[in-house]
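Note sheet for the following structure.
The values are calculated or read from the model by the stated rules, or taken from the named source; none is laboratory data. Remember, it's a predicted structure, so these values are computed and weren't measured experimentally. Don't worry about glycine lacking a Cβ; one is built from the backbone with ideal geometry, like all the others, and counts go over all protein chains shown. Quick note on the areas: whole protein, heavy atoms, side chains included, nothing else; ligands and nucleic acids left out. Shrake-Rupley method; radii C 1.70, N 1.55, O 1.52, S 1.80 Å.
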Amino acid sequence: EVDGEGGALLDATFRTEERIAGRPGYFEWVSSETVRLSRDALGRMRVPVEAARPVLRDIPLFPETSVAPGDSWTAAAEEVHVFRIGGLSAGPYRGEIPVAYEYAGDVWDDERRLARILIRYNLYVPVSGSGEPVRLVSGCSDQVLLWDVAAGCPVSKTEDFEFIMMMSNGTVQEFRGRQEVTYRTVIELDREQVTDSIRRTLKDLPGISVSPADEGIRLTIEDSGRVLFNPESAEILPDQRYRLEAMKPLLEEFSNRDILITGHTAHFGTREGRYTLSRERAAAVAGILFPEGRIGPGHLYLRGAGSDEPVATEDSEAARARNRRVEILILD
């Protein structure tokens, strides 16, 4: 929703991902969190107290008066850190930060006037709780933001950062580098219309179901009667590769959308083994659909669900075969 004073109520989804070693352009989907927050015309956020995202809040924050090239101002912001340590989450650790802004001047991109805004701050967050694996988070950030003056929205940002994390066992970890961010606007899919269009495209391809989902469009490669994987295997059977090959041109039409490939297993063996196998199945399908990763702005995510999301009981081989499936989600 949008109010009459330039503020908005936003449903923001934050995805935690990890790069997959040895697979450029592939990311593992770790978790997803949706937070309903508000933001006023100056950039000030109101976030539910229990939310761990967004990590950086109230940046950029503009003054109530107009600014011109050469002007500078300061404003308070907040960082909230959650770390994954040994596979477990630690935090959130919260720290208020004073931020210095400078309107350094304008640059032009075609006919767009972009304000070049310098953003600098230092962070110092001591952790006092007992039993916490982290004792101190400290560091600094130096950012350059390009802001579309007419549209009132960010275009890109670069950040040079250096952070130190002191652990309760006395070890110190340093994180230093640069991140480059490009903001993009994607129009929401008409899920029913797109679902019907995909169904027509794939109507001659057996064993593929298409349905609208909460986060986009789901394509399920069903195994019952057309087994993609043998039991306890992530190797795609040679006579089933053609289904994936036929889907490649369709998915290439969604190069601006993120795509999540999720592998599933029947319920057998250990929990850890099921998760490993399901991730390997997702990777096997991705290797055929996107052998070079994604080409375009959209990312490719892989996820292993193990046997936690069955679509059939486990009382027959046919039912277990249905659970040995892979789902492709075109994210909205």
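Which one of Ser209, Ser255, Ser156 is out of contact with any strand residue (DSSP E or B) (no Cβ under 9 Å at 6 or more places or on another chain), open to solvent by less than 60 Å² (accessible area, probe 1.4 Å) and not charged (D, E, K, R)?
Unique residue meeting the criteria: Ser255.
Out of everything in the stretch 79-93 that is open to solvent by 70 Å² or more (accessible area, probe 1.4 Å) and either in contact with a Leu (Cβ under 6 Å, 6 or more places away or on another chain) or in a strand (DSSP E or B) (or both), what residue ends up being farthest from Leu146 (Cα to Cα)? Let's see the steps before the verdict.
Just the residues of the stretch 79-93 that are open to solvent by 70 Å² or more (accessible area, probe 1.4 Å), to begin with: 84, 86, 88-89.
Remaining after also requiring either in contact with a Leu (Cβ under 6 Å, 6 or more places away or on another chain) or in a strand (DSSP E or B) (or both): 84, 88-89.
On the way: Arg84: 31, Leu88: 36, Ser89: 33 Å.
Across the stretch 79-93, the extreme among qualifying residues is Leu88.
Taking the stated definitions as given, is Glu96 modelled with pLDDT under 85, open to solvent by 50 Å² or more (accessible area, probe 1.4 Å), touching a strand residue (DSSP E or B) at 6+ places or on another chain (Cβ under 7 Å) and not aromatic (Phe, Trp, Tyr)? Reasoning before the result, please.
Numbers: modelled with pLDDT under 85: no; open to solvent by 50 Å² or more (accessible area, probe 1.4 Å): yes; touching a strand residue (DSSP E or B) at 6+ places or on another chain (Cβ under 7 Å): yes; not aromatic (Phe, Trp, Tyr): yes.
Criteria not met by Glu96.
Here is a yes/no grid of residues against (1) more than 30 Å from Arg294 (Cα to Cα); (2) in contact with an Asp or Glu (Cβ under 6 Å, 6 or more places away or on another chain):
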residue: Glu17; (1), (2): no, no
residue: Glu33; (1), (2): no, no
residue: Ser38; (1), (2): yes, no
residue: Arg44; (1), (2): yes, yes
residue: Ala52; (1), (2): no, no
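Looking at Ser66, is it open to solvent by 50 Å² or more (accessible area, probe 1.4 Å) and out of contact with any helix residue (DSSP H, G or I) (no Cβ under 8 Å at 6 or more places or on another chain)? Show your work before the answer.
Numbers: open to solvent by 50 Å² or more (accessible area, probe 1.4 Å): yes; out of contact with any helix residue (DSSP H, G or I) (no Cβ under 8 Å at 6 or more places or on another chain): yes.
Against the criterion (open to solvent by 50 Å² or more (accessible area, probe 1.4 Å) and out of contact with any helix residue (DSSP H, G or I) (no Cβ under 8 Å at 6 or more places or on another chain)), Ser66 qualifies.
For the stretch 111-136, give me each residue that is under 12 Å from Met167 (Cα atoms) and part of a strand (DSSP E or B).
If the condition is that a residue be under 12 Å from Met167 (Cα atoms) and part of a strand (DSSP E or B), then Pro126, Val134, Arg135, Leu136 are the ones that fit.
Can we say Thr276 is in contact (Cβ under 8 Å) with a residue 60 or more places away in the chain and closer than 16 Å to Ile20 by Cα?
Details: in contact (Cβ under 8 Å) with a residue 60 or more places away in the chain: no; closer than 16 Å to Ile20 by Cα: yes.
Taking the combined requirement at face value, the residue does not satisfy it.
Looking at the stretch 12-32, can you tell me whether even one residue there is at pLDDT 85 or above and open to solvent by 80 Å² or more (accessible area, probe 1.4 Å)?
no
Here are some conditions: (1) surrounded by 13 or more Cβ atoms within 10 Å (Cβ to Cβ); (2) over 24 Å from Asp214 (Cα atoms). Glu272 meets all but one. Which one does it not meet?
Result: Glu272 passes all but (1).
Assigned to a strand (DSSP E or B), open to solvent by 40 Å² or more (accessible area, probe 1.4 Å) and closer than 30 Å to Ile97 by Cα: is that true of Arg176 in this structure?
The answer is yes for Arg176.
Residues to consider are Gly293, Gly304, Gly273; find the one that is touching a Pro at 6+ places or on another chain (Cβ under 6 Å), more than 25 Å from Ser197 (Cβ to Cβ) and not polar (S, T, N, Q).
Numbers: Gly304 fails: touching a Pro at 6+ places or on another chain (Cβ under 6 Å); Gly273 fails: touching a Pro at 6+ places or on another chain (Cβ under 6 Å).
It is Gly293.
Only one of Ala318, Ala266, Ala286, Ala282 is more than 24 Å from the chain's Cα centre (by Cα), surrounded by 22 or more Cβ atoms within 10 Å (Cβ to Cβ) and not polar (S, T, N, Q). Can you tell me which? Write out each step before concluding.
On the way: Ala318 fails: surrounded by 22 or more Cβ atoms within 10 Å (Cβ to Cβ); Ala286 fails: more than 24 Å from the chain's Cα centre (by Cα); Ala282 fails: more than 24 Å from the chain's Cα centre (by Cα).
On inspection, the qualifying residue turns out to be Ala266.
Take the residues in the stretch 184-200 that are among the aliphatic types (A, V, I, L, M), within 22 Å of the chain's Cα centre (by Cα) and surrounded by 10 or more Cβ atoms within 10 Å (Cβ to Cβ); name whichever of them is modelled with the highest pLDDT.
Selected residue: Leu189.
Among (1) of a type in the set (Ser, Thr, Tyr); (2) more than 24 Å from the chain's Cα centre (by Cα); (3) surrounded by 18 or more Cβ atoms within 10 Å (Cβ to Cβ), where does Tyr301 come up short?
Going through the list (1) of a type in the set (Ser, Thr, Tyr); (2) more than 24 Å from the chain's Cα centre (by Cα); (3) surrounded by 18 or more Cβ atoms within 10 Å (Cβ to Cβ), Tyr301 breaks only (2).
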